[in-house]
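Here is the structure we will look at, set down as structure tokens.
The values are calculated or read from the model by the stated rules, or taken from the named source; none is laboratory data. Since this is a predicted model, take the numbers as computed values, not measurements. As a convention, Cβ positions derive from the backbone with ideal geometry for all residues, glycine included, and neighbour counts pool all protein chains shown. Note: areas computed on protein heavy atoms with side chains; ligands, DNA, RNA excluded. Shrake-Rupley method; radii C 1.70, N 1.55, O 1.52, S 1.80 Å.
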Amino acid sequence: MKRSLFGRLWPNVTAVVLFIGCVFPVYWMFATAFKPTGDIIAENPVWFPANVTFEHFRTATEVDHFWTYVTNSLTVTVLAVAFSLIIALAGSFALARMRFKGRRGFIIGFMLAQMAPWEVMIIAMYMIVRDASMLNSLVPLTLFYTMMILPFTILTLRGFVAAVPKELEESAMVDGCTRAQAFRRIILPLLAPGLMSTSLFGFITAWNEFALVLVLNKDAEAKTLPLWLSSFQTQFGDDWGATMAASSLFAVPILILFVFLQRRAVSGLTAGAVKG
């Protein structure tokens, strides 16, 4: 009886502990953003802010070029996700449906590209962009972010394409559809969960990227929001209130996107990992 009770209890306790460990930093970030400066630097931590202030948000958004950073981040992120999905749809269909020489090595290459840390190539990326006279431009960022997202996107969508019965596609072609029409009308609607999960992953990857834009884009007009997060310093040290307010604002788009895509994104990640 005791063993049975313990067997049911410890997974729940472990889940609660993990949940608190994951959620508490997010709560502390949002709570600190609304605390007055005196509560932030108090010797004893203030767990629940009694006096709420929006001054830190005002400080964060009044930084020079703030809306330029927002525009740049949205531009490179949305374009990178869109480009990666367009390319990955064609690539995943070819890997799932077609048999050609070197196909297995091609898949292994994508897996290795996904596992390799792209930071090791940052010097080479800088030299390429510098020699092309494209420093302080959003075009290289968009292209590099697309390359960063592409391996995961192709491998995930490949699992979804492979899970769609070939008979559906063949039936559509028998009824007069071309291969392209069968893909657009039959397969593409069934790939919605995979498109959601890969879009969410790609958005988070490009939205959070810091090192590459730090190296390539020095001009204020070409920077993105991750660099904005590191700009809240005064002669007395870091302005933690403004930093937490900026971090909260930075996290809001991802939270909103995840809330809307959560159900299909989770099922997409699971299905894409085990099928194909």
Legend entry - DSSP-loop GluC sites (Glu not before Pro) across segment 1-106, with at most 13 other Cβ within 10 angstrom: 43, 62
Legend entry - Net dipole in debye of the chain [+1 Lys, Arg Cβ; -1 Asp, Glu Cβ; about Cα centre; nearest 20]: 1680 debye
Inset, instruction - At a temperature of 4 °C and a viscosity of 1.567 mPa s, determine how fast segment 135-178 diffuses translationally according to Stokes-Einstein, using the Kirkwood radius over alpha-carbon pairs as Rh; express D in µm²/s, rounded to the nearest whole number. - result: 98 µm²/s
Inset, instruction - Taking the chain as the reference, fit the longest principal axis to its C-alpha atoms, fit the long axis of helix 122-131 to the helix C-alpha atoms, and give the angle between the two in degrees, 0 to 90, nearest 10. - result: 80 degrees
Legend entry - Along principal axes, Cα extents of segment 14-136, largest first, whole Å: 66, 49, 26
Inset, instruction - Report, to the nearest 10°, how far helix 192-208 tilts away from the longest principal axis of the Cα atoms in the chain, using its own Cα long axis and a range of 0 to 90°. - result: 40 degrees
Legend entry - Selected from 106, 30, 134, residue furthest toward positive end of dipole (the chain; charges at beta carbon): 106
Inset, instruction - Compute log10 of I(q)/I(0) for segment 97-188 with the Debye formula, placing one identical point scatterer on every Cα and leaving out solvent, at q = 0.14, 0.18 Å⁻¹, to two decimals. - result: -0.73, -0.91
Inset, instruction - Provide Rg over Rh for segment 68-115; use the alpha carbon set for both Rg and the Kirkwood Rh (inverse mean inverse pair distance). - result: 1.18
Legend entry - Highest-MSF residue in the chain out of 106, 250, 66 [GNM, Cα springs under 10 Å]: 106
Legend entry - Nearest-20 debye value, segment 70-222 charge dipole, Cβ charges on Lys, Arg, Asp, Glu: 600 debye
Inset, instruction - At 1.4 Å probe size, with no ligands or nucleic acids counted, give the accessible surface of residue 118 in Å², nearest ten. - result: 50 Å²
Legend entry - For the chain, built as a Gaussian network whose Cα springs stay under 10 Å, the top-fluctuating residue of 101, 223, 166: 101
Legend entry - Inter-centroid distance (Cα atoms) of segment 82-98 relative to segment 181-237, Å: 20 Å
Inset, instruction - Could you check the simple spin-label distance between residue 71 and residue 50, using points 7 Å along Cα→Cβ, in nm with one decimal? - result: 4.5 nm
Inset, instruction - Run through every distinct alpha carbon pair of the chain and return the Kirkwood hydrodynamic radius in angstroms, one decimal place. - result: 21.9 Å
Inset, instruction - Could you state how much accessible area residue 107 has, in square angstrom rounded to the nearest 10, with a 1.4 Å probe and all protein chains kept in place? - result: 20 Å²
Inset, instruction - May I ask you to give the solvent-accessible area per residue for the chain, in square angstrom, as obtained with a 1.4 angstrom probe? - result: 59 Å²
Inset, instruction - Round to the nearest 10 and give me the degree value, 0 to 90, for the angle of helix 103-115's Cα axis relative to the longest principal axis of the chain. - result: 0 degrees
Legend entry - Options 42, 21, 73, ranked by Cα towards positive dipole end of segment 1-153, top entry (Cβ charges): 21
Inset, instruction - Return the aspartates and glutamates within reach of residue 223: Cα separation strictly under 12 angstrom, same-chain partners fewer than 8 residues apart disregarded; answer none if there are no such residues. - result: 64, 209
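How much of the accessible area of segment 20-148, in percent, comes from carbon and sulfur atoms when a 1.4 Å probe is used?
Its accessible area is 71 percent carbon and sulfur atoms.
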